[in-house]
1. State the number of residues belonging to the range 20-67 that are of a type in the set (Lys, Arg) and in a helix (DSSP H, G or I).
2. Can you tell me which residues in the range 21-80 are over 16 Å from the mean Cα position of the chain (by Cα), at pLDDT 90 or above and on the phi > 0 side of the Ramachandran plot?
3. Write out, first by first residue and then by second, each pair whose Cβ atoms fall under 9 Å of each other, whose residues are 6+ apart or on separate chains, and whose first residue, in the range 50-63, is farther than 16 Å from Glu34 by Cβ while the second is of a type outside the set (D, E, K, R).
Amino acid sequence: MMAPKRRILSSFVAFDVTYADGTRSSNRRVPFTELGGLDGDEPAKAYIEAQDREIGEASGRKRAAIKSIARTPQKVMAKV
């Protein structure tokens, strides 16, 4: 019998972002240190908004407002 695979702890958490104009952005990475506490995932929205502002300033194209964020579901390994 094989030993169970160990879970690798990441220093980032991935989020799927939906914007007000209907566009989506998947797997937006937010440092794990930005999350936690009583605010839950709310700091992730502020972090992603800051990233979007920086990207918009560099590209000259502003991103639409964030409608919602959700953690990207973890991939589940199928048992063989």
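The values are calculated or read from the model by the stated rules, or taken from the named source; none is laboratory data. Since we're looking at a predicted model, the values are computed, not measured. Positions of Cβ are backbone-derived with ideal geometry, glycine not excepted, and every protein chain shown enters the neighbour counts.
1. Adding up the residues that qualify gives 2.
2. Across the range 21-80, the qualifying residues are Gly22, Gly60.
3. Sorted first by the residue in the range 50-63, then by its partner, the pairs are Arg61/Ile55; Lys62/Gly56; Arg63/Tyr19; Arg63/Thr23; Arg63/Ser25; Arg63/Ile55; Arg63/Gly56.
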